[in-house]
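Here's the structure, in C-alpha cells; my notes come after.
The values are calculated or read from the model by the stated rules, or taken from the named source; none is laboratory data. Since this is a predicted model, take the numbers as computed values, not measurements. Cβ placement follows ideal geometry from the backbone for every residue including glycine, while neighbour counts extend to all protein chains displayed.
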Amino acid sequence: MQKFIAGNWKMNGQLPDIASVKAIAAAAQNYPSVDTALCLPATLIAPAASALPDYPIGAQDCHSAVSGAHTGCISAVMLKEAGASLSIVGHSERRAAQHESDAEVRAKALAAKSAGLSVIVCVGETEAERDANMAVAVVLRQLDHSLPDEAASDWLSVAYEPVWAIGTGRIPSAGDVEQIHGAIRADLEARFGADGAKIRILYGGSMNGDNAASLLAIPNVDGGLIGGASLSADKFMPIVAAAAAV
Ligand code: PEP
C-alpha cells in the first residue's frame, strides 16, 4: 500500500506561507512512491489550490449540510469549489472544543464524499481512557460510529491520533501503536470485507523526522497525519523521505 503523509496546519498560516506549501509540493515530487497532501486553514485553500493546481490541498473540517443557516460554517461543496480535494473530519481538537459527536463526524464524512472530497476520519483515546485500559474499546467505538456504511478505500483514510500525543512530543510505544492499528484493521475488514484491508490507517501525534521511520515501519501504519511538523518543508520532508524508505 502506498504510504500517505498528510499535513494538518490547524489555525496556522497566512498568505506569505503559501511559499511553504510551494516548497513542500515541489519537494514531494522527489518522492513519487508517497502520497502527500496539506490540510490548510480555509482561508488558504483557494490561494494554495490556484498556485498549485496539481497538488492535493485539503480542509480540516466541513459542515454536513450543503448550505443553510449555519453561521461561520463551510460546506464540503464550498471547499471543493475553493479547490480542496480532501478534508479531515473528527479531529480530536474539534471533538473536544466543538463537542462533535461520532454521528456528526459520520455525517460530515458522507457530505465530504458526496462533494467529491477524499476524507480522513480521526479517532483516538484520551490519556485517562488509556490509563483505564480503554484505548482499544474507545477507538473501535469511535470508528464504528464515525465511519459511514459507504466507507471505501478509494476515498477514505482513518487516522489514529491518541489525544495525549498530539502536540506534546510524546508518542505511544510501538507495541501500543501496533495493537490499535491492528484492531482498527480487523474492524475495517470485518465491516467492509476485502476493501477494509485497503483503507489506509494513518498514525498522528507528534510524528517528526526523528521518529517517523520507526512509526511507519509498524504493521498497518500506512502513513501519518502531521501537525506541527507539517508547517515547513524542512520538518515535513524528512517524514516523507522516511515513508519512501520504509
Ligand atoms: C494533529 O493535530 O493532527 C497532529 C498530529 O499534531 P502534532 O503532529 O503536532 O502532534
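Tabulated values for the structure
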quantity	calculated
Count of residues meeting criterion [within 24 Å of L216 (Cβ to Cβ) and either more than 13 Å from the chain's Cα centre (by Cα) or outside any strand (DSSP E or B) (or both)] in the range 2-11	3
Qualifying positions in the range 219-231 - within 16 Å of the ligand (Cβ to nearest atom) and either part of a loop (DSSP other than H, G, I, E, B) or modelled with pLDDT under 95 (or both)	V221, D222, G227, L231
Every residue from the range 157-174 that is under 15 Å from the mean Cα position of the chain (by Cα) and polar (S, T, N, Q)	S157
Every residue from the range 1-42 that is more than 16 Å from the ligand (Cβ to nearest atom), within 17 Å of S118 (Cα to Cα) and touching a Phe, Trp or Tyr at 6+ places or on another chain (Cβ under 6 Å)	D35
Test set (1) closer than 14 Å to G224 by Cα; (2) within 13 Å of the ligand (Cβ to nearest atom) - G169 fails condition number	(1)
Criterion (closer than 24 Å to K10 by Cβ, away from the ligand (no atom under 15 Å from the Cβ) and buried (at least 22 other Cβ atoms within 10 Å of the Cβ)) met by exactly one of L156, L188, L216, L202	L156
Some residue of the range 103-113 being within 15 Å of the ligand (Cβ to nearest atom) and either charged (D, E, K, R) or under 17 Å from the mean Cα position of the chain (by Cα) (or both)	yes
Yes/no for V177 being touching a residue at least 40 places away in the same chain (Cβ under 8 Å), farther than 21 Å from V119 by Cβ, under 18 Å from the mean Cα position of the chain (by Cα) and within 16 Å of the ligand (Cβ to nearest atom)	yes
Test for G223: is it in contact with an Asp or Glu (Cβ under 8 Å, 6 or more places away or on another chain), small (G, A, S) and closer than 20 Å to A152 by Cβ	yes
